[in-house]
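Have a look at the structure below before the remarks.
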Amino acid sequence: MRVNIGVDVGGTKIAAGAVDDNGEILALVRKPTPASSSDAVADTIGECVKELAGSYDVEAIGIGAAGFVDRERTTVVFAPNLAWRNEPLAEKVSQATGHRVVVENDANAAAWGEFKYGAASEHSSAVVVTVGTGIGGGIIVDGALLRGAGGFAGEIGHIVVNPGGQRCGCGVLGCWEAQASGTALVRIARQLAADSPVYGARMLKLAGDREITGLDVTRAAQADDPAALECFAEIAEWIGIGMATLSAAIDPDVFVLAGGVSESGDLLAVPARASFEKSLTAKEFRPAPLVKIATLGNNAGIIGAADLARR
Ligand SMILES: [Zn+2]
């Protein structure tokens with residue numbers, strides 16, 4: 001059977017899947033990401049591909065990599081968490097496997113997966129907002145992935161939503177991911193519990209001897225704990241403001257909330273949608289873009305990378 005192989009290269013593991021023309025993953029291989037060298041990462045990707053290629057007729061390989069990928073979709077210019085500087089990843093994996101290789105930023109690949117086969121599949125312009133440790137994402141305009149002049153578009157976590165606000169890992173104050181990521185949610189919850197252990201009692205009880213985690217906040221919020229709901233409301237407010245900003249520039253049909261924090265579902269989506277509709281420009285004269293929760297989960301990157309490799 002003819003497939004494309006999608007590879008998701010993360011900081012700790014490499015996941016590769018044989019994906020058919022309907023976006024279904026037929027087989028999956030996972031290996032730890034070698035920390036030793038960039039060559040070792042390319043070799044491990046090659047091993048994953050060879051394990052899958054034994055059972056299928058492979059058309060091409062798509063790789064989603066956490067980093068800046070050049071416009072030609074062959075080279076990882078820079079990766080914050082891996083030893084890649086101007087890494088010719090497509091050439092290395094192509095030599096190791098004998099197949100054509102396309103490289104894309106991992107968040108762009110996951111966004112493409114949701115656009116083709118997931119929550120945005122019935123729409124033509126979409127912004128996928130991946131809310132996890134940080135905020136990543138991808139932008140699809142009129143059916144095409146927005147890549148930009150250098151191939152670096154879609155780094156939406158670093159739009160400034162709150163000038164002078166929280167310090168971002170990038171150094172700037174008030175970036176979207178500093179205000180509204182899973183990391184921000186945990187920071188807000190811990191601060192709230194420190195300021196008022198009585199109000200934060202439910203989250204503190206769930207945490208026990210350790211510090212409050214995102215899961216504790218979610219569990220407490222699911223049980224209607226007002227303190228935990230307030231933490232969600234704060235990040236949702238910022239998520240809505242960021243979506244309104246992006247809407248003014250891009251005018252998508254739909255925003256798809258993906259990533260670990262989105263697994264809380266309506267706890268995030270309902271207040272984020274309310275904040276978004278409040279901040280949306282010219283809202284009296286336009287239908288508001290939809291706000292949906294992603295449907296492909298962790299497989300979006302594999303499915304999207306495989307599809308991007310398709311001719
Ligand atoms: Zn930033």
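Round to the nearest 10 and report in Å² the accessible area of His99, as given by a 1.4 Å probe over the protein chains' heavy atoms.
40 Å²
Need one number: nm distance between label points at Asn86 and Glu122, each 7 Å from Cα along Cα→Cβ, rounded to one decimal.
Distance between the two pseudo-spin positions: 4.8 nm.
Of all accessible surface on the stretch 122-294 at a 1.4 Å probe, what whole percent is carbon and sulfur?
For the stretch 122-294, the apolar C and S fraction of the accessible surface comes to 55 percent.
Which far-off residues, 5 or more places away or on another chain, put their amide H under 5 Å from the one on Ile14, with H placed in the peptide plane?
Excluding prolines and chain starts, which carry no amide H, the hits are Lys31, Thr33.
Roughly how many Å² is the accessible area per residue of the stretch 122-294, as a whole number, for a 1.4 Å probe?
Accessible area per residue: 45 Å².
Given an 8 Å cut-off on Cα distances and at least 6 residues of separation, report the relative contact order of the stretch 122-294 as a percent.
Over the stretch 122-294, the number comes to 23 percent.
Go from 0 up to the bin containing the longest alpha carbon distance in the stretch 122-294, width 10 Å each, and give me the % of pairs per bin.
The distribution over the stretch 122-294 is 11, 38, 34, 14, 4, 0, given as percents.
Under the rule of at least 5 residues apart or a separate chain, name every residue whose amide H is placed under 5 Å from the amide H of Val69.
Val77, Asn105
Find the eigenvalues of the gyration tensor of the Cα atoms of the chain, then list the square roots of 5 times those eigenvalues as equivalent ellipsoid semi-axes, largest first, in whole angstrom.
They are 34, 22, 18 Å, listed from largest to smallest.
By the scheme Lys and Arg +1, Asp and Glu -1, what is the net charge of all other residues having a beta-carbon under 15 Å from that of Cys170?
The answer is -1.
Provide the net charge surrounding Met1, with neighbours chosen by a C-beta distance below 14 Å and charges set as Lys +1, Arg +1, Asp -1, Glu -1.
Spelling it out: positives minus negatives among the neighbours equals -4.
Order Asp8, Asp43 by their accessible area, 1.4 angstrom probe, all chains in place, largest first.
Output order, biggest surface exposure first: Asp43, Asp8.
For Phe285, what is the net charge nearby, where nearby means another residue's Cβ is under 14 Å from its Cβ and Lys, Arg count +1, Asp, Glu -1?
Charge balance in the 14 Å sphere: -1.
In terms of modelled amide H atoms, which long-range or inter-chain residues lie less than 5 Å from the amide H of Leu257?
Val129, Lys292, Ile293, Ala294
In nanometres, what is the gap between the two model label sites at Glu211 and Leu173, each 7 Å from Cα along Cα-to-Cβ?
Once both label points are built, they end up 2.3 nm from each other.
Ignoring ligands, DNA and RNA, how do Asp106, Asp209 rank by accessible area with a 1.4 Å probe, largest first?
Largest to smallest exposure gives the sequence Asp209, Asp106.
How far is the Cα center of the stretch 97-123 from the Cα center of the stretch 168-183, in Å?
25 Å
Assuming 0.36 nm per residue, please report the length gained on full extension of the stretch Ala282 to Gln222 beyond their Cα-Cα distance.
Contour length minus Cα-Cα distance gives 18.2 nm.
Over 26 Å between C-alpha atoms is what I'm after, so list which of Lys31/Lys92; Lys31/Lys292; Lys13/Lys292; Lys50/Lys92 land there.
Long pairs (Cα-Cα over 26 Å): Lys31/Lys292; Lys13/Lys292.
In terms of solvent-accessible area of protein heavy atoms at a 1.4 angstrom probe, what is the ranking of Arg273, Arg286, Arg85, highest value first?
Final ranking, largest accessible area leading: Arg85, Arg273, Arg286.
Can you give me the Cα centroid spacing of the stretch 200-228 and the stretch 283-308 in angstrom?
29 Å
What shape does the stretch 217-306 have by the C-alpha gyration tensor, where a ≥ b ≥ c are the square roots of the eigenvalues, rounded means a/c under 1.5, and otherwise prolate means a/b greater than b/c and oblate the rest?
oblate
The values are calculated or read from the model by the stated rules, or taken from the named source; none is laboratory data. Because the structure is predicted, anything quoted here is derived from the model rather than measured. Every residue, glycine as well, gets a Cβ built from its backbone with ideal geometry; the counts of neighbours run over all protein chains shown. The accessibility values were calculated without ligands, DNA or RNA, using every heavy atom of the protein model including side chains. Shrake-Rupley method; radii C 1.70, N 1.55, O 1.52, S 1.80 Å.
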